[in-house]
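Reading through the structure tokens given below for one structure.
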Amino acid sequence: MSEIQEIQLLSGTTTTAINLDAYENIDLSTHMRELLPYDQTNVISQAQLFNQERQQSQKYRIYGTLDFMSIVNGLNKNYNSVFDFFTRPRLGDEFSGVTRNILNCFDIYLCKPLGNKFSGSTLLVSGNTLATGLTYQLKYEVITNLNNLQIYKSGYGKNIFYDQNYSFNFNIDFDMTNQYDSFNKPITNLYLFLNFKPQLNGIGQLESVSANTYTGNTVFRPYLVYTSGSSVNGDWSYYDPNNFEDFQIARREYTISFYCTGTTGTNIQFKYNPFIPIKLRDFNDQLITGNITGTSETDKQIPIYAVKIDDNGNYVWEDLLPNGFIDPLSNRGVNYPFVNYRHYIFSNIVVQLATNLNDTNTRTTFATIELANSSLLYNKPTSDLNNLGNKC
């Protein structure tokens, strides 16, 4: 870069000097360049660009509503009798902090399937070949902290029992790019994890939480505060590699014991499933097979998540359905709003904390509850139905 030079007039040198005109030679030569047609106009298809970005993006925002359906919702914190479970709070007490609600009953997190690879001679034949099906317990990785979740009242929204509905929103994006489960399949579901928070009742006894095992037994489960990166055990599933599918065979359930008087034993129990799936994508229900004998997976356009079912080059897989498409026959697929390069997933979540009627004491307690006689809600018209709507 040339230096900037200041031109000093002659009058600045001596008092008797005379200023003279200064001339600068300017090059006025021109250069020709051909302007090609594609530089003049470039047609952009907004619909095509939108669909391209929609298929490429794997960022998600999760939000929705929470409806706590249980007689525990509205229970006085200082309960000490089974009759307290059937006493509704006074109007306004549900916001005073003296009753149980979804805010003080649960810590809520978001989880994804933990991508730990299975190994061992009973499962692997060679390479990534799966020999037979596998029964396993799902493991989830917590991907949020408690401060990542915002819960607030849904205006004047009430459920059928006139309990307050709440809305929730995770204030961070979830990028699922290159995220796979334990069987190298793209993650198609995230999971809300509702962790019950035990509290003291009116006589100073602490509620307890137990979890079921695959054999049907229950084990005590201490209350923990999770952070992003923690792991938690989930449902039990069966994985069938030859049909590229895995399905649930047993649910993970938590059982809550509420200690109170006025029962035949020492407590009554409620249970719930702590994991609620939130669907991100869907696989097509059409099973595809391919063989790479004499070539490679890339040449045959076999996806990286395809399952190698033998040592003869045979693979099976299912294609991921594109975003915005729902199969009219199988009803698989998603069509979420796509804005700002993010998919926005809205979910209506119903949290059910139901009585555990498998518990003898709980079943006996609720069997002794006397309900009033049923009353007639409507009367059958005695007039001619064909004259309904006619003038009198």
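The values are calculated or read from the model by the stated rules, or taken from the named source; none is laboratory data. On a predicted model such as this, the values are computed, not experimentally measured, just so you know. Note: ideal-geometry Cβ built from the backbone for every residue, glycine included; neighbour counts use all protein chains shown.
Residues that are assigned to a loop (DSSP other than H, G, I, E, B) and crowded, with 18+ Cβ neighbours inside 10 Å within the stretch 310-331 comprise E318, L321, N323, listed in sequence order. Residues in the stretch 179-187 include none that are out of contact with any Gly (no Cβ under 9 Å at 6 or more places or on another chain) and β-branched (V, I, T).
Looking across the stretch 240-257 at every residue that is crowded, with 19+ Cβ neighbours inside 10 Å and more than 22 Å from the chain's Cα centre (by Cα), the one that is nearest to P303 (Cα to Cα) is identified as F244. Candidates in the stretch 219-234 are the residues that are touching a residue at least 40 places away in the same chain (Cβ under 8 Å) and among the aliphatic types (A, V, I, L, M); of these, the one that is surrounded by the fewest Cβ atoms within 10 Å (Cβ to Cβ) is V225. Reported count of residues in the stretch 111-130, each being modelled with pLDDT of 60 or more and either in a strand (DSSP E or B) or of a type in the set (A, V, I, L, M, F, W, C) (or both), is 4. So, in the stretch 274-309, of the ones that are of a type in the set (K, R) and either modelled with pLDDT of 90 or more or loosely packed, with under 13 Cβ neighbours inside 10 Å (or both), which residue ends up nearest to P241 (Cα to Cα)? Here the residue is R281. For the stretch 203-218, the tally of residues that are in a loop (DSSP other than H, G, I, E, B) and surrounded by fewer than 15 Cβ atoms within 10 Å (Cβ to Cβ) stands at 7. Looking only at residues of the stretch 65-91 that are over 20 Å from A354 (Cβ atoms) and basic (K, R), we find that the one that is surrounded by the most Cβ atoms within 10 Å (Cβ to Cβ) is K77. Filtering the stretch 310-327 to residues that are modelled with pLDDT under 85 and touching a helix residue (DSSP H, G or I) at 6+ places or on another chain (Cβ under 7 Å) leaves nothing. Scanning the stretch 235-251 for residues that are touching an Asp or Glu at 6+ places or on another chain (Cβ under 6 Å) and in contact (Cβ under 8 Å) with a residue 60 or more places away in the chain returns S237, Y239, F244.
Scan the stretch 131-146 for residues that are at pLDDT 90 or above and surrounded by 14 or more Cβ atoms within 10 Å (Cβ to Cβ) and the total you get is 7. Screening S167 against (1) in contact with a strand residue (DSSP E or B) (Cβ under 8 Å, 6 or more places away or on another chain); (2) free of Cβ contacts under 8 Å to residues at least 60 places away in the same chain; (3) not aliphatic (A, V, I, L, M) leaves a single unmet condition, (2).
For the stretch 147-191, which positions are touching a helix residue (DSSP H, G or I) at 6+ places or on another chain (Cβ under 9 Å), part of a strand (DSSP E or B) and surrounded by fewer than 15 Cβ atoms within 10 Å (Cβ to Cβ)? Those that are touching a helix residue (DSSP H, G or I) at 6+ places or on another chain (Cβ under 9 Å), part of a strand (DSSP E or B) and surrounded by fewer than 15 Cβ atoms within 10 Å (Cβ to Cβ): I151, K153. Checked against the criterion of being in contact with a strand residue (DSSP E or B) (Cβ under 8 Å, 6 or more places away or on another chain), at pLDDT 90 or above and under 20 Å from K139 (Cβ atoms), the candidates Y254, Y239 yield just one match: Y254.
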